[in-house]
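In what follows, a structure is listed as structure tokens, so that the remarks can point back to it.
The values are calculated or read from the model by the stated rules, or taken from the named source; none is laboratory data. Everything numeric here is computed off the predicted structure, so don't read it as measured data. A quick note on method: Cβ atoms are made from the backbone with ideal geometry, for glycine too, and the neighbour counts reach across all protein chains shown. These accessible areas exclude ligands, DNA and RNA; they are computed on the full protein's heavy atoms, side chains included. Shrake-Rupley method; radii C 1.70, N 1.55, O 1.52, S 1.80 Å.
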Amino acid sequence: MTQFVVKPGVKNLKHDGEKLITTHCCYCGMQCGMHIRVNKKSGKVVGVEPRYDWPVTMGKMCPKGVTAYQTVDHPERIKKPLIKKNGEFVESSWEEALDLIENNYKKLQAEHGKNALSVFGGVSMTNEKCYLVGKYARVALGTRYVDYNGRFCMSSAAGGFMKTLGIDRGSTLPWPELEHTDCFFMAGTNTAECHPTTIQWLWRARDKGAKMIVADPRETPTARIADVHLDLKAGTDSALANGMLHLLIREGYVDETYVNERCNNYAGLKEAVKLFTPEYTSELTGVATEKIIKAAHIYGQSPRSVVMFARGVEQQNKGVDNVALYTSMALLRGQIGKFASGVATFTGQGNGQGGREHGQKADALPGYRKIDNPEHVKYVAGVWGIKPEEMPEAGVSAYEMFDEIQNGNIRSMHVICSNPAVSAPNNHYIWDSFKKLDFMVVSDFFLSETAEFADVVLPTTTWAEDEGTTTNLEGRVIRIRKVREPLGESKTDWEIMQLIAERMGKGKFFPYKNVPEIYEEFRIASKGGKADYYGITYDRIEKEDGVFWPCPDEDHPGTPTMFRESFGTPDGKANLPAVLWQEPGEVPTEDYPHTLTTGRVVFHYLSGTQTRRTQFLMEKCPEPYVEMHPELASQYAFLDGDNVYLETRRGNMKVKAKITKAIRKDHVFIPYHWGKELSVNKLTNPSLDPTSRMPEFKVCAVKLRKA
Ligand SMILES: Nc1nc2c(c(=O)[nH]1)N[C@H]1C(S)=C(S)[C@@H](COP(=O)(O)OP(=O)(O)OC[C@H]3O[C@@H](n4cnc5c(=O)[nH]c(N)nc54)[C@H](O)[C@@H]3O)O[C@H]1N2
Ligand SMILES: Nc1nc2c(c(=O)[nH]1)N[C@H]1C(S)=C(S)[C@@H](COP(=O)(O)OP(=O)(O)OC[C@H]3O[C@@H](n4cnc5c(=O)[nH]c(N)nc54)[C@H](O)[C@@H]3O)O[C@H]1N2
Ligand code: SF4
Ligand SMILES: [Mo]
């Protein structure tokens with residue numbers, strides 16, 4: 001394979017016999033601008049060039065982005081449908097695979113009703129496809145059971161933003177403004193490894209004197225460059241944030257005018273945070289009192305500040321409260337709706353923002369509409385051409401779908417663009433649930449750990465083989481371009497949903513000849529909703545380097561900065577929360593004396609199906625490991641590289657020790673990008689947030705011994 005050559009400063013490098021196609025990376029929410037190099041003769045993807053004139057990432061890319069192209073022509077791509085016969089997959093024709101799906105779906109629905117079928121989606125797909133997943137489940141299959149992997153990713157951020165600000169757009173400001181920010185308060189985000197191309201903006205701001213505060217149980221590459229590292233115990237963010245709010249009030253850092261004019265419940269918040277003195281906060285979080293006070297002064301004194309967070313604070317059974325509290329720091333300082341300041345969650349997956357707005361969620365319809373709101377149902381039913389009473393009711397969240405499998409309500413699942421056999425918590429339960437299904441379908445371009453459980457695997461295209469739009473972490477809607485024709489007999493996800501819809505007698509609701517036709521319908525479906533894309537056309541995206549939603553009509557400029565005048569709540573005011581202290585779902589006990597937290601490394605992406613197939617990335621990081629402090633290691637006489645056996649109430653695993661001072665003495669950390677015996681999710685706790693239904697991936701109690 002052609003190796004990537006980095007040539008900083010060289011713009012749009014041309015290679016003989018090749019064409020460059022302008023698009024964005026398929027992996028994280030940064031959606032870095034890139035040009036894919038295609039050999040004109042063979043049509044094959046041979047490399048990548050960074051896009052220096054993309055305003056968000058300015059030519060920067062990370063090790064995953066520069067190797068992403070290698071998945072397109074990868075030898076392990078699935079090129080024909082696979083059907084399991086006597087426990088082995090055999091290649092089949094599309095006819096045979098679709099016949100099998102049709103027969104099984106119709107039989108199951110006749111015996112058990114329409115809700116016997118379910119769909120589990122994902123947001124590494126374009127807006128057009130994510131939009132269709134919700135419609136496919138509800139119109140083609142007629143089932144209420146649809147949810148998606150964003151439930152494991154962005155749902156607590158969404159819940160927290162809805163609660164406080166009334167609209168869930170990941171960032172209230174555009175990224176290039178970060179250069180002019182004076183202070184970054186960053187909680188539970190390992191930006192340097194997970195959104196690496198953001199770091200250039202932080203460096204530019206740092207050059208002008210900006211300060212950085214990082215709250216993380218580990219001294220990550222992000223924490224290492226901070227002015228203050230708040231090394232809290234996992235699962236104690238609500239205490240830390242309450243402590244910060246306490247100090248902002250006590251030290252007179254509140255923008256009283258802003259709070260009085262633009263926020264509700266200041267009195268309630270004030271009362272609730274009274275308790276959280278620096279001393280009490282320190283006791284709960286394990287962070288030194290002086291550090292908490294120093295952080296509050298730095299944040300409180302900065303004229304322009306941004307509060308940023310990610311899964312570290314969200315993947316807890318109080319994720320929604322955590323988000324609401326951290327967001328309130330920005331509200332008390334009067335920072336939201338202004339230049340170079342505000343609040344942002346780091347959107348995880350490539351289309352984690354757009355994919356959560358348009359109806360893949362169990363209770364949501366396009367445009368961030370709600371399925372339990374009769375007006376919303378009426379509007380979307382009108383766009384879809386069905387009767388409102390034909391719209392199924394709300395389903396259940398991603399993890400809870402597995403409960404429905406266990407109790408026999410769900411008999412079949414179509415997994416589209418996700419690998420829950422690795423990425424869902426409490427893996428043993430997930431594997432057992434897949435085995436219980438009467439019939440299982442997976443759409444993927446690689447044989448993932450989840451696909452191995454399926455009865456039928458449908459080969460889809462990669463991001464480079466289809467066009468469409470995604471919405472990046474700023475809320476900017478951008479264009480993904482088709483780079484080459486689908487490999488082998490693979491088909492796009494929208495064609496597959498369309499084919500199954502036809503088999504289910506619902507073809508007339510899926511009449512699309514191409515992606516722009518889906519986009520046109522989608523634009524209308526979102527019209528008038530909170531996430532309004534109606535004014536965003538392909539032409540405009542092209543001309544304007546993307547357009548920020550909400551954008552209600554074609555003359556509207558789009559909304560780079562949110563909430564300038566008012567918030568998205570019914571009265572236009574932000575809601576300040578009053579949150580009491582609660583422990584995480586599991587705390588250390590005599591039997592399970594330490595805390596296990598999980599997350600990512602720069603070289604791998606999510607369940608790893610793509611990055612574990614990329615040679616360069618595997619050379620850099622071939623296997624998982626358990627990070628632990630030298631003092632904890634010496635307690636067990638572990639040496640670096642020793643095999644460690646870990647056990648929680650749900651499962652166990654064996655991994656090598658990586659001894660480092662960059663983690664709390666009472667915590668261990670394991671990255672989650674591997675499957676089967678190497679999957680840390682055999683150990684994690686599926687304790688769910690009461691509103692977002694997000695599992696607590698970030699905290700559980702664990703015991704260790706030498707393996
Ligand atoms: N390299 C790489 N980049 C990615 C991805 C990837 O898989 N690999 N995935 C993308 C996706 S989908 C997502 S969601 C994002 C995730 O991006 P991040 O959320 O930044 O990544 P994580 O490693 O999951 O968690 C961030 C940090 O939270 C810390 N943490 C753990 N528990 C707690 C806690 O209780 N409180 C606080 N304050 N911090 C805690 C961890 O130590 C970790 O450093 O990254 C995106 N980018
Ligand atoms: N322990 C622990 N577990 C976690 C997390 C954690 O921090 N700790 N983080 C959680 C988070 S934030 C996330 S986002 C989830 C993600 O977890 P998953 O949803 O499992 O994400 P991926 O690994 O990206 O799986 C996507 C699958 O779809 C395929 N795919 C990619 N693009 C397409 C496409 O366009 N169409 C189709 N049909 N298939 C495609 C890929 O090959 C891959 O097999 O994991 C969660 N699990
Ligand atoms: S930062 Fe994210 S979008 Fe950019 S190259 Fe890396 S993985 Fe791709
Ligand atoms: Mo995510």
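With the requirement that a residue be away from ligand 2 (no atom under 14 Å from the Cβ), in contact (Cβ under 8 Å) with a residue 60 or more places away in the chain and in a loop (DSSP other than H, G, I, E, B), what does segment 604-638 give you? Once the filter is applied, which keeps residues that are away from ligand 2 (no atom under 14 Å from the Cβ), in contact (Cβ under 8 Å) with a residue 60 or more places away in the chain and in a loop (DSSP other than H, G, I, E, B), segment 604-638 yields 637, 638.
If you take the residues in segment 44-65 that are among the aliphatic types (A, V, I, L, M) and either within 15 Å of ligand 1 (Cβ to nearest atom) or assigned to a loop (DSSP other than H, G, I, E, B) (or both), which one is farthest from the chain's Cα centre (by Cα)? Among them, the one singled out is 58.
Being away from ligand 4 (no atom under 16 Å from the Cβ), under 30 Å from residue 211 (Cα atoms) and open to solvent by less than 10 Å² (accessible area, probe 1.4 Å), is that true of even one residue in segment 357-366?
As a first pass, look at segment 357-366 and keep what is away from ligand 4 (no atom under 16 Å from the Cβ): 358-359, 362-366.
Narrowing further to those that are under 30 Å from residue 211 (Cα atoms): none.
No - not one qualifying residue is present in segment 357-366.
For the criterion of being surrounded by fewer than 23 Cβ atoms within 10 Å (Cβ to Cβ) and either assigned to a helix (DSSP H, G or I) or within 16 Å of ligand 3 (Cβ to nearest atom) (or both), residue 377 passes. From the residues in segment 91-111 that are farther than 17 Å from residue 505 by Cα and more than 33 Å from the chain's Cα centre (by Cα), which one is most open to solvent (accessible area, probe 1.4 Å)? Here the residue is 111.
Here is the figure for segment 126-152: residues that are open to solvent by 10 Å² or more (accessible area, probe 1.4 Å) and either in contact with an Asp or Glu (Cβ under 6 Å, 6 or more places away or on another chain) or within 16 Å of ligand 4 (Cβ to nearest atom) (or both) total 5.
This table checks each residue for (1) closer than 16 Å to residue 289 by Cα; (2) surrounded by 20 or more Cβ atoms within 10 Å (Cβ to Cβ).
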site	(1), (2)
225	no, no
228	yes, yes
237	yes, yes
247	yes, yes
250	yes, no
264	no, no
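Restricting the first member to segment 329-354 and to residues that are more than 16 Å from ligand 1 (Cβ to nearest atom) and of a type in the set (S, T, N, Q), and the second to residues that are in a helix (DSSP H, G or I) and at pLDDT 95 or above, the beta-carbon pairs closer than 8 Å and six or more apart or on different chains are 341/330.
Sort through 237, 207, 227 and tell me the only one that's farther than 14 Å from residue 312 by Cβ and in contact with a strand residue (DSSP E or B) (Cβ under 7 Å, 6 or more places away or on another chain).
Numbers: 237 fails: farther than 14 Å from residue 312 by Cβ; 207 fails: in contact with a strand residue (DSSP E or B) (Cβ under 7 Å, 6 or more places away or on another chain).
Just one listed residue meets the conditions, 227.
Scanning segment 570-583 for residues that are in a loop (DSSP other than H, G, I, E, B) and open to solvent by 20 Å² or more (accessible area, probe 1.4 Å) turns up 570, 571, 573, 578, 580, 581, 582, 583. Is it true that residue 233 is within 8 Å of ligand 1 (Cβ to nearest atom), surrounded by fewer than 24 Cβ atoms within 10 Å (Cβ to Cβ) and more than 20 Å from the chain's Cα centre (by Cα)? Against the criterion (within 8 Å of ligand 1 (Cβ to nearest atom), surrounded by fewer than 24 Cβ atoms within 10 Å (Cβ to Cβ) and more than 20 Å from the chain's Cα centre (by Cα)), residue 233 qualifies.
Residue 64 meets all of the listed conditions (1) closer than 27 Å to residue 483 by Cα; (2) surrounded by 24 or more Cβ atoms within 10 Å (Cβ to Cβ); (3) within 16 Å of ligand 4 (Cβ to nearest atom) but one, namely (2).
When residue 42 is tested against (1) within 16 Å of ligand 2 (Cβ to nearest atom); (2) at pLDDT below 95, only condition (1) is not met. Of the strands (runs of 3 or more DSSP E) contained entirely in segment 640-704, those carrying at least 3 residues that are out of contact with any helix residue (DSSP H, G or I) (no Cβ under 9 Å at 6 or more places or on another chain) fall at 643-647. Restrict the check to segment 331-341 and report whether at least one residue is touching a strand residue (DSSP E or B) at 6+ places or on another chain (Cβ under 6 Å), surrounded by fewer than 24 Cβ atoms within 10 Å (Cβ to Cβ) and charged (D, E, K, R). Taking every residue of segment 331-341 in turn, none turns out to be touching a strand residue (DSSP E or B) at 6+ places or on another chain (Cβ under 6 Å), surrounded by fewer than 24 Cβ atoms within 10 Å (Cβ to Cβ) and charged (D, E, K, R).
One line per residue, one yes/no per condition, for (1) surrounded by fewer than 18 Cβ atoms within 10 Å (Cβ to Cβ); (2) at pLDDT 95 or above; (3) among the hydroxyl-bearing types (Ser, Thr, Tyr); (4) outside the structural domain of residue 274 (by TED's automatic domain parsing):
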site	(1), (2), (3), (4)
539	yes, yes, no, yes
546	no, yes, no, yes
550	no, yes, no, yes
553	yes, yes, no, yes
567	no, yes, no, yes
609	no, yes, yes, yes
616	yes, yes, no, yes
637	yes, yes, no, yes
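When segment 446-501 is filtered for residues that are of a type in the set (Val, Ile, Thr), more than 21 Å from the chain's Cα centre (by Cα) and within 16 Å of ligand 3 (Cβ to nearest atom), only 483 remains.
Selection of segment 471-500 for residues being open to solvent by 10 Å² or more (accessible area, probe 1.4 Å) and assigned to a strand (DSSP E or B) yields 476, 479, 491. Among the residues making up segment 68-89, those that are farther than 22 Å from residue 102 by Cβ and within 11 Å of ligand 2 (Cβ to nearest atom) are 68, 71, 74, 76, 77.
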